[in-house]
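Let me begin by presenting the structure, written as structure tokens, before commenting on it.
Bear in mind these aren't lab numbers, they're just calculated from the coordinates by the rules spelled out. All values reported here derive from a predicted model rather than from experimental measurement. Here the Cβ is made from the backbone with ideal geometry for all residues, glycine too, and neighbour counts use every protein chain on show.
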Amino acid sequence: MFCGRRTVLAAALGLAAGCARSGPPTSVAPALVPPSPSQSPSPSPSPSLSPSPSLSSSVAAPSREEVIARYAGQRPTRWGTDLPGVVAEVPDGALALTFDACGGPGGDGYDAALIDTLRRHRVPATLFLNARWIDANPGPFGDLAADPLFELGNHGTAHRPLSVTGRSAYGIAGTADAAAAYGEVADNAAKLSALLGRPPRWFRSGTAHYDEVAVRIVGELGERVAGFAVNGDGGATFTAEQVARTVGAAPPGAVVISHFNHPDAGTGRGYAQALPRLLDAGRRFVRLSD
Ligand SMILES: [Zn+2]
């Protein structure tokens with residue numbers, strides 16, 4: 001276990017740069033609480049690997065109204081990227097590479113070279129897709145959806161930190177209340193379900209920040225929350241050498257977060273350096289649902 005060894009880069013460099021360089025979208029109610037330095041992520045609760053009872057898509061999900069009514073009065077006390085129920089580790093010493101496509105202005109790119117590198121080395125990965133990115137990239141979406149090397153996850157409808165109070169991360173306003181949090185998860189889940197013929201099993205919010213009430217709302221929708229133990233590309237700000245060094249040093253069992261929506265970043269070239277070395281060292285890669 002390495003619950004206490006979460007890379008410092010995650011907090012220092014954040015996850016917003018790769019996702020929201022051009023500011024938040026406009027399709028969600030404004031935040032109730034403005035960004036504040038006092039709202040930095042809370043330190044070091046351990047991530048949980050306990051299985052979710054709601055993984056099965058055969059269980060009928062409660063209605064939007066039921067969920068909102070159940071959670072509307074609950075007040076969260078925690079905030080951050082590594083709350084209980086946020087999965088940052090995988091079993092048996094494997095590595096779970098995850099790549100986000102955040103969408104929106106400045107976030108709709110497609111790093112085809114990075115995807116080609118994963119394919120060339122037959123390295124599976126979990127790709128988290130925002131609704132706006134899907135709308136802007138129908139061709140790449142279809143290509144990725146057809147490739148069993150990749151599991152596709154839910155990266156939110158409007159790429160918001162998932163909050164029931166409008167709490168912000170990196171200056172991006174979170175969802176304003178339980179209803180908005182529900183919609184942030186459910187609306188893109190419905191889009192993915194319609195396109196893929198099956199619901200997504202994993203969710204990661206924009207900026208990967210949550211309160212604990214919002215984490216429970218994700219569970220109500222039958223999805224698990226993907227965290228991370230290693231910030232592989234610093235929100236798509238790292239040089240290729242930084243990416244290669246960081247990913248190459250990922251400890252056994254780590255969920256690694258990076259981006260595949262910034263083809264000009266160092267991410268793709270960094271993975272092209274790191275993957276052959278990791279494979280030569282006998283490291284094994286899994287999708288989150290593996
Ligand atoms: Zn993102």
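Per 0.36 nm of contour for each residue apart, how much would the distance between Tyr170 and Thr77 grow if the chain were fully extended, relative to their Cα-Cα spacing?
31.6 nm
Sequence-distant or interchain residues sharing an amide H contact under 5 Å with Arg167, placed H: which?
When sequence neighbours closer than 5 places are left aside, the close amide H contacts are Gly174.
Note down the magnitude of the dipole of the stretch 76-280 about its Cα centre, charges +1 on Lys and Arg C-beta and -1 on Asp and Glu C-beta and zero elsewhere, to the nearest 20 debye.
140 debye
Between the stretch 228-274 and the stretch 81-160, how far is it from one alpha carbon centroid to the other, in angstrom?
13 Å
Using 1/(1 + (r/R0)^6) with R0 = 41 angstrom and r between the beta carbons of Thr239 and Asp143, what's the FRET efficiency to the nearest 0.05?
On the way: r = 28 Å, r/R0 = 0.68.
So, using R0 = 41 Å, E works out to roughly 0.90.
Could you give the nm distance between label points at Asp135 and Ser193, where each point is 7 Å from its Cα heading toward the beta carbon?
2.0 nm
In a shell of Cβ-Cβ distance under 13 Å around Gly219, excluding Gly219 itself, what net charge do Lys and Arg (+1) and Asp and Glu (-1) give? Don't jump to the answer; show the numbers that get you there.
Details: positive: Arg70, Arg201, Arg216, Arg224; negative: Glu212, Glu220, Glu223.
Summing Lys/Arg as +1 and Asp/Glu as -1 gives +1.
Each residue of the stretch 113-125 in turn: what ³J(HN,Hα) in whole Hz from Karplus with 6.51, -1.76, 1.60 and θ = phi - 60°, glycine and Pro shown as x?
Going residue by residue, I get 5, 5, 4, 4, 5, 4, 5, 4, 8, 6, 9, x, 7 Hz, with x marking Gly and Pro.
According to a simple spin-label model (label point 7 Å from Cα along Cα-to-Cβ), what is the distance in nm between Asp264 and Asp92?
4.2 nm
From the phi of every residue in the stretch 67-80, what ³J(HN,Hα) in whole Hz does the Karplus formula 6.51 cos²θ - 1.76 cosθ + 1.60 yield, where θ is phi - 60° and glycine or proline is x?
So the Karplus estimates, Gly and Pro as x, are 5, 4, 5, 5, 9, 4, x, 8, 10, x, 10, 10, 7, x Hz.
Order these peptides, 129-135, 187-193, by their mean beta-carbon neighbour count within 10 angstrom, highest first.
129-135, 187-193
Using label points projected 7 Å from each Cα along Cα→Cβ, tell me how many nm separate Arg64 and Arg122, to one decimal.
That separation, rounded to one decimal, is 4.4 nm.
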